[in-house]
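Below: one structure, written as structure tokens.
The values are calculated or read from the model by the stated rules, or taken from the named source; none is laboratory data. Please read these numbers as outputs of a predicted model, since none were measured by experiment. Note that each Cβ is placed from the backbone with ideal geometry, even for glycine, and that neighbours are counted across all protein chains shown. Just so you know, the surface numbers come from the protein's heavy atoms only, side chains and all, with ligands and any DNA or RNA stripped out. Shrake-Rupley method; radii C 1.70, N 1.55, O 1.52, S 1.80 Å.
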Amino acid sequence: RTDGLPRMTLTQQIDHMRKLSVQLASSISKVVYTASGTLLSAALVEDRIAIVEHAAYWAPVDSISEAHYLLSIINSEVILEAIIPQQAHGWRDPRHFDNLIWELPIPEFDAAASLHRDLAAAGAEAERVAALVELPENAHFRAKRRAIRTALAEAGVAQRIEALVARLLDG
């Protein structure tokens, strides 16, 4: 190089700031959520070798209860409404969730706290309801997401999660 900057090997570039090696060394389960978009969406990834790319964020979890707790919170409308005023605006809509969610007063999961256990239980129920939704393979991801949200609302679990998340933030 003639620009005076240090050379990086391909391996160093792939693992820049150890973002790849840290993922692979983390717990088996990760909660993954979208970095940008109009709807904040999160899912549980239980594959240890799955790699989360740059357009998503991830957090390791120590238990399935912690995962359900975080998924309930991140997927809630309450959280989305709290984040929207902080988001940068794109051409038409607010964009970029990035780490804005963690600026909200969301406590770490505490299995001894009844509200946290209630959120985890509601998240587990949401997962069961979502698993029963038939999703056509050729449907757009937005249609699939809408079908799941509709099923959660019809089962009453969406409303329960929204009330619990509102209590958590008021806490």
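Mind listing the long-range amide H neighbours of Phe109? Cut-off is under 5 Å, sequence gap 5 or more, other chains count too, H placed in the peptide plane at 1.01 Å from N.
Placed amide hydrogens put nothing under 5 Å from Phe109.
Suppose the chain between Gln12 and His140 were pulled fully straight at 0.36 nm per residue; how much longer would it get relative to their current alpha carbon spacing? Intermediate values should be presented prior to the final figure.
Working: separation 128, 0.36 × 128 = 46.08 nm, distance 3.61 nm.
Contour length minus Cα-Cα distance gives 42.5 nm.
Mind giving me the nanometre distance, one decimal, between the label points for Asn99 and Ala111, set 7 Å out from Cα along Cα→Cβ?
Taking the simple label geometry, Asn99 and Ala111 are separated by 2.8 nm.
Contact order normalised by length for the chain, with contacts defined as Cα pairs under 8 Å and 6 or more residues apart; what percent is it?
Details: 205 pairs, mean separation 34.3, N = 171.
RCO, the chain: 20 percent.
Probe radius 1.4 Å, ligands and nucleic acids ignored: give me the carbon and sulfur share of the accessible area of the stretch 106-171 as a rounded percent.
Working: 2240 of 4200 Å².
Whole-percent figure for carbon plus sulfur exposure: 53.
At 1.4 Å probe radius, can you tell me the per residue accessible area of the stretch 26-171 in Å²?
Working: 8360 Å² over 146 residues.
I get 57 Å² per residue for this part.
So which helices of the chain fit the span-like rule, where a helix is a whole DSSP H run, its Cα atoms reach 27 Å or more along the axis, and its mean Kyte-Doolittle is at least -0.5? List each step's numbers first, then the result.
Details: long enough: none.
Qualifying helices: none.
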